[in-house]
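Single-structure report; data block below.
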Amino acid sequence: MSEPMTSLEAGVQAHLLSAVFNPEQVRLDVWNRLREELTRLEARQSEGQVSPAHVEQVLSLFAEVHPIERLFVFPGEVRLQRLADMARRHDVAELADEVRRLVALLSLHHDRAALLDDGAASRSGAVEPEGPHYFTTLVVDDMASEDFARVRRGILDAQRGEKQFVHEMLQVRSVEDALVAVLVNNDIQACVVRQDLPLRSRAPVKQLRAVLEPIVAEAERTGEEASVVVARWIRRLRPQLNVYLITDESLVGREMHTERLFDRVFYRYESPLELNVTVVDGVRGRFRTPFFDALKQYASRPIGNFHALPIARGHSVFNSRWLRDMGEFYGPNLFMAESSSTSGGLDSLLEPTGSIKEAQEMAARTFGAQHTFFVTNGTSTANKIVHQTLLQPGDVVLIDRNCHKSNHYGMMLSGAHPLYLDAYPVREYAIYGGVALSTIKAKLLELKSAGRLDKVKLVVLTNCTFDGLVYHPERVMEELLAIKPDLAFLWDEAWFAFATFMPLARQRTAMSAAKRLAERLRSRAYREQYRAWRAKRGDGDPVVGARALEDRLMADPDKVRLRVYATQSTHKSLSAFRQGSMLHVWDEDFERRAVAPLTEAYFTHITTSPNHQLVASLDLARRQMDLEGFAMVKEAYQLSMRMRERLREDPMLHRYLRLLDAEQMVPKVFRDSGLNRYVGPGSAGVEDLTRAWSQDEFVLDPTRMTLFTALTGRNGFEFRGKVLMERLGIQVNHTSINTVLLNATIGVTWGSLSFLLDGLRQEVERLEVTLSQATGVERRLFEAKVRSITEELPPLPDFSGFHPAFQPSGSVGEGDLRSAFYLAYEEKNCEFVPLTEAAEALESGRPLVSTRFVVPYPPGFPILVPGQEVSPGILEFMTKLDVKEVHGYRPELGLSVFTESALERVAGGEVRRGQEPRETVSRDETGQWPVPAPH
């Protein structure tokens, strides 16, 4: 059976996470070494000590950088050859000056420095930040250098007078060079591909040759057209790029695949002007932000404000003697863009027909969805919209108990019954991982055996988790659809929006997995595999019994209806304002089954007064990622790898602080690849990464850096508050008993990384001094504290189960969350039991059933939900958990539980689930209204 991603494709994508995988940085490092070597050579020359060996050292550096330099416009291959010639002539002083100048330009401007050079001198002002936007057009063509020079001159002439976008052309001559350039050069935004091309590079990048060799070999074996190979792989690696075909033959009768793989087909280079206009228009189209553009235009118009929002246009602020500081802080544009009107091109978020509709369609293309919806109340609201769209009262939902609380509330509102799944525990760090596929399959098969499978409508999983555990969505969906072909999926990707723009991680996003699975299910190859698999299963039901639990299952392509939803907190990992989120949809039944309920859910949960700034920021976040997401996410991965290296390599830091790796976070049973760690001894190579990201059930996203703090004697909460926030001014938002989570987002810089490392080093040095001066008693106290948060952790409790009064099926374990939730609204049904008395109550045989969601922070998962039985393990966990913030629990009162009489009434049918009658409310004897139970 083929893997969801072929080893060929995964091999290329895996390179992006290998090494500290930054060829651009390697290139800059070599240029800096050249600068330093030439400075030393200048000094030797002044002393008359330059030898051929010294010159050879310089030439070897030129040779080292040459394979990568060919993939960039500036300084470029031609200039590199001229510099090497200068070295051979011993023009040391001139060469040193030129290299210093080039390195300075390269460090500041990267390929944009080409605008200061040669024939582009007239555009020199464009290198300034306020100048036109620069990008590189990759020309994949084996034409002679003089022919390319002619084409380039034509393009430069066509650009004269362009104020918004300028581009330079970079020539490579083979399929291999084209794919390397796309992987390495972040400035490439458009590719012009010649129909007839060599497959292999004449000067390959050695580090990538082995990775790309299978592509070249497959093309040789199949005889596939080289331009098609290039276009297909560019669409896989960087799908946002524009790709154009140059052909020498008539287009009459050409295969239709050109319409799918290429944005446009040109006959030779007959019109440089038309080619330039097309290339620029493609980038301009991706640059467009329909709603933000409309908002800017609206703000620039003279408008009389007689509608709601006195703050609009800023008159109530700037004309105030008491509120002017607000205007000074936020600036005038914020107020000029405020409006409650949907006219003037601003459109309605609730029923978009103009600029918002177009912005959402562009976002869908960028994120690989069939449909995308903007949400301005955060992913909490997006999750509730999905629940209301797909669920009806009484439907069963398989859901990770540790998912975000919005999913629990979504089920309560929809009336669906959760069947909670326990994720695997990482007990040493008081962290939960993901839910094993075997766990989900077992529960589905149990429901099938109990005759309840028809009620199961949705699976809800978090991808990736708070701590960076990433599922294999394609495999999860394929196997579960083999058991129930119409099952829907909600992947809560609140922290994973950035993954779309890193090829290696993209395969593990919900939308990419849905697209790939849909293509596989429609393919002839999959049908043949399914028929062979089905034949091996025999004549009976292929998904029953222990064999179905143990084997890898295949979905019946004739029965599957693929329904996949993903919610993303755009503001958490991309450049959107807080509460800005997106809901992505890949649903084959969307028009038939989901449009109407989703519209109603949208009306239910989205405000009728959405903030225009939030909507615009979602539009802008899409634009940024479309044009530079590849570069920014790649740098975030590089930064996280460097952080891991530095903590491991620094003996002082490593003594007290560790970043957890795959071997700590993902049990070996889920790591068939054998990948243990990203850096350090035995760290992952290209092949390890290929196997892990393509095949492993769970992988650890390296940008989620879980810092183990226990060896400093501080728990995670203390380390965050006392060290990171108070001493260093560093903000983090998640801790466990002995860890702190650090995020390497696209907003983290190399400077902030250095600041963090310097601060951590100062902290451990301070600790080292303190311990060296400690008395024996003080040392034993410190060791006891370390022991208490490493070896004496409270057990992580599993989901105990719903009380029988709230189990509609009676056996499978699903719970009527809604009826329990609303039953607690009546004060007579609730009472408080102090934690110190709860254990005794359980020992006496009394069931304690929670009336609320009880969520300790950390670790941040609900250990109790309404209707759930309190277990001894949960009590032990709560008594040993040293945290101050526990939502839903009042320590001065105790646990809020249902009275025994309330449970008896529900169990006896006196109170119908979800139909608890409201008593007629009247004043009591004192004349006061009764006070409802705290909730």
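The values are calculated or read from the model by the stated rules, or taken from the named source; none is laboratory data. Predicted model only: the values in this text are computed from it and were never measured. Note: ideal-geometry Cβ built from the backbone for every residue, glycine included; neighbour counts use all protein chains shown.
Table for the structure above
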| item | result |
| --- | --- |
| Answer from Phe630, Phe603 - the residue that is assigned to a helix (DSSP H, G or I) and more than 24 Å from the chain's Cα centre (by Cα) | Phe603 |
| Residues satisfying the stated conditions in segment 606-627, i.e. more than 21 Å from Asp111 (Cβ to Cβ) and assigned to a helix (DSSP H, G or I) | His612, Gln613, Leu614, Val615, Ala616, Ser617, Leu618, Asp619, Leu620, Ala621, Arg622 |
| Scan of segment 555-577 for residues that are among the β-branched types (Val, Ile, Thr) and surrounded by fewer than 24 Cβ atoms within 10 Å (Cβ to Cβ), ordered by number | Val560 |
| Residue match in segment 15-24 (condition: within 30 Å of Asp142 (Cβ to Cβ), at pLDDT 90 or above, among the aromatic types (Phe, Trp, Tyr) and not in a helix (DSSP H, G or I)) | no |
| Looking only at segment 288-327, and only at residues there that are among the small types (Gly, Ala, Ser), assigned to a loop (DSSP other than H, G, I, E, B) and modelled with pLDDT under 90, the one that is surrounded by the fewest Cβ atoms within 10 Å (Cβ to Cβ) | Gly304 |
| Odd one out for Arg552, checked against (1) out of contact with any helix residue (DSSP H, G or I) (no Cβ under 8 Å at 6 or more places or on another chain); (2) surrounded by fewer than 13 Cβ atoms within 10 Å (Cβ to Cβ) | (1) |
| So Ala594, is it touching a residue at least 40 places away in the same chain (Cβ under 8 Å) and over 19 Å from Val386 (Cα atoms) | no |
| Candidate set from segment 205-250 (those that are in a loop (DSSP other than H, G, I, E, B) and more than 30 Å from Arg623 (Cβ to Cβ)); member that is nearest to the chain's Cα centre (by Cα) | Val205 |
| Test result for Leu760, assigned to a helix (DSSP H, G or I), within 25 Å of Met665 (Cβ to Cβ) and in contact (Cβ under 8 Å) with a residue 12 or more places away in the chain | yes |
| Neighbours by Cβ (under 8 Å, 6+ apart or cross-chain): first from segment 506-535, of a type in the set (Phe, Trp, Tyr); second loosely packed, with under 13 Cβ neighbours inside 10 Å | Trp533/Met1 |
| Segment 578-592: number of residues that are surrounded by fewer than 24 Cβ atoms within 10 Å (Cβ to Cβ) and under 19 Å from Leu350 (Cα atoms) | 4 |
| Any chance Asp281 is farther than 22 Å from His571 by Cα, assigned by TED's automatic domain parsing to the domain that holds Asn242 and without any contact (Cβ under 8 Å) to a residue 40 or more places away in the chain | yes |
| Answer from Ala364, Ala382, Ala369 - the residue that is in a loop (DSSP other than H, G, I, E, B), modelled with pLDDT of 95 or more and either in the same structural domain as Leu583 (by TED's automatic domain parsing) or of a type in the set (Ser, Thr, Tyr) (or both) | Ala369 |
| Test: residue in segment 454-471 that is closer than 26 Å to Ala382 by Cβ, out of contact with any strand residue (DSSP E or B) (no Cβ under 7 Å at 6 or more places or on another chain), in contact (Cβ under 8 Å) with a residue 24 or more places away in the chain and surrounded by fewer than 24 Cβ atoms within 10 Å (Cβ to Cβ) | no |
| Lone qualifier among Arg658, Arg648 - being of a type in the set (D, E, K, R), free of Cβ contacts under 8 Å to residues at least 60 places away in the same chain and in contact with a His (Cβ under 8 Å, 6 or more places away or on another chain) | Arg648 |
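Yes/no per residue for (1) free of Cβ contacts under 8 Å to residues at least 12 places away in the same chain; (2) of a type outside the set (A, V, I, L, M, F, W, C); (3) part of a helix (DSSP H, G or I):
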position	(1), (2), (3)
Ser673	no, yes, no
Arg677	no, yes, no
Gly680	no, yes, no
Ala684	no, no, no
Thr690	no, yes, yes
Ser694	no, yes, yes
Glu697	no, yes, no
Leu707	no, no, no
Leu711	no, no, yes
